[in-house]
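The values are calculated or read from the model by the stated rules, or taken from the named source; none is laboratory data. As the structure is a computational prediction, the values presented were derived from the model and not from experiment. Backbone-built Cβ (ideal geometry, glycine too); neighbour counts: all protein chains shown.
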Amino acid sequence: MERKLLIIYTGGTIGMVNNPDTNSLVPFDFDNIYHRVPELQKFDFTVRSISFEPPVDSSMMNPEIWVKLATLIEDNYEKYEGFVILHGTDTMAYTASALSYLLHNLNKPVILTGSQLPMGTVRTDGKENMLTALEIAAAQKNDRALVPEVCIYFQDKLFRGNRTTKYNAEHFHPFRSDNYPALAEVGIHIKYNYPYIRYATEEGHFYASKKMDTAIALIKIFPGITPWVLNGLLQAEGIKAVVLETYGSGNAPTHKWFLDALKNAARKGLIIVNVTQCLAGSVEMWRYETGVHLSGLGVISGHDITTEAAVTKLMYLLANCDTTDDVRQKMSKSLKGEITL
């Protein structure tokens with residue numbers, strides 16, 4: 001049986017080429033992808049494509065588009081052996097994290113990639129990123145996908161999507177996954193890190209959830225944060241949950257006004273999740289007195305989750321759980337390999 005892969009172009013730098021008539025960048029015509037990227041003809045699989053019209057800049061990405069992507073994959077799931085999503089880098093880690101929660105019983109690769117330079121420029125990294133992402137998405141052994149999860153591929157590393165953060169705006173290695181190893185490293189050969197790849201254990205058919213709830217706030221603690229700033233966010237109309245970015249292993253100020261603000265918010269039913277501002281490491285609220293105070297207020301430990309994964313996980317859980325207690329319990333569990341317990 002001929003293998004087929006689907007490219008979904010959402011927008012972003014990778015899909016731009018130069019228009020010689022105007023000397024400006026215009027969107028890549030993915031209907032003529034074999035003409036634009038003749039190397040595709042050397043693969044032993046067929047590539048088809050769907051393009052967003054108009055393309056969406058990654059800074060404009062939102063939960064409605066994540067649901068649209070999940071639905072596209074669901075609608076095409078039986079037709080293709082793998083999916084490659086071309087996406088702008090700025091919010092790629094958010095999209096990858098969101099899709100990891102929205103897609104259930106996944107046993108096919110969904111790989112996001114992009115580029116720092118447009119496809120039409122001489123030194124573009126886009127062509128290599130796209131070709132390698134396709135090769136990984138098509139890789140199978142005994143008719144089983146080698147990496148059946150939502151991933152980000154860039155330059156020479158394949159990361160679990162919900163473990164990834166963009167940390168550099170100009171290098172060809174813009175992403176890091178400090179709390180989880182790469183799933184594959186690419187050189188002359190593609191070397192898969194099999195013990196760390198997540199294979200679906202759930203029973204049942206593949207399906208996609210279609211709801212996200214954006215009633216959350218992201219609060220980054222900083223020296224000199226004032227009561228009116230903190231309370232303004234905690235008391236914002238309609239807010240159901242907060243991701244609290246704290247220092248180090250989960251520490252925050254112990255001023256009475258600060259703890260009182262969190263206590264009052266928690267009493268009103270606000271869900272508060274503690275994540276670290278650091279790129280690497282984990283929240284350990286038992287380690288220092290300041291963290292113990294937060295734990296005593298009912299603040300949930302995010303463990304070693306990224307901010308991107310925490311934000312999108314809350315959006316997913318708020319929309320798909322029946323009770324607040326259910327949201328709290330699931331925030332403390334690893335649903336799709338997003339935290340280490």
Log entry, pairs with first residue in the range 127-154 being in the same structural domain as GLN41 (by TED's automatic domain parsing), second being basic (Lys, Arg) and assigned to a loop (DSSP other than H, G, I, E, B), beta carbons closer than 7 Å, six or more apart or on different chains, reads ALA138/ARG3; ALA145/LYS108; PRO148/LYS108; GLU149/ARG198
How many residues of the range 177-221 are over 20 Å from ALA310 (Cα atoms), under 18 Å from the mean Cα position of the chain (by Cα) and part of a strand (DSSP E or B)? The answer is 1
Does the range 121-132 contain any residue that is of a type outside the set (D, E, K, R), within 22 Å of LYS336 (Cα to Cα) and in contact with a Pro (Cβ under 9 Å, 6 or more places away or on another chain)?
-> no
Reported set for the range 142-163 where residues are small (Gly, Ala, Ser) and closer than 15 Å to GLY114 by Cβ is GLY161
Of those in the range 286-307 that are over 13 Å from GLU245 (Cα atoms) and among the hydrophobic types (A, V, I, L, M, F, W, C), the residue surrounded by the most Cβ atoms within 10 Å (Cβ to Cβ) is LEU297
Output for Cβ contacts, cut-off 6 Å, separation at least six or different chains, first residue closer than 14 Å to PHE206 by Cβ in the range 96-122, second surrounded by fewer than 19 Cβ atoms within 10 Å (Cβ to Cβ) and polar (S, T, N, Q), reads LEU102/SER209
Of the residues in the range 308-341 that are surrounded by 14 or more Cβ atoms within 10 Å (Cβ to Cβ) and of a type in the set (D, E, K, R), the one that is farthest from the chain's Cα centre (by Cα) is ARG328
Screening MET285, MET315 for residues that are under 27 Å from LEU99 (Cα atoms) and not acidic (Asp, Glu) leaves only MET315
Looking across the range 77-90 at residues that are out of contact with any Leu (no Cβ under 6 Å at 6 or more places or on another chain) and surrounded by 22 or more Cβ atoms within 10 Å (Cβ to Cβ), the single one that is farthest from ILE50 (Cα to Cα) is THR89
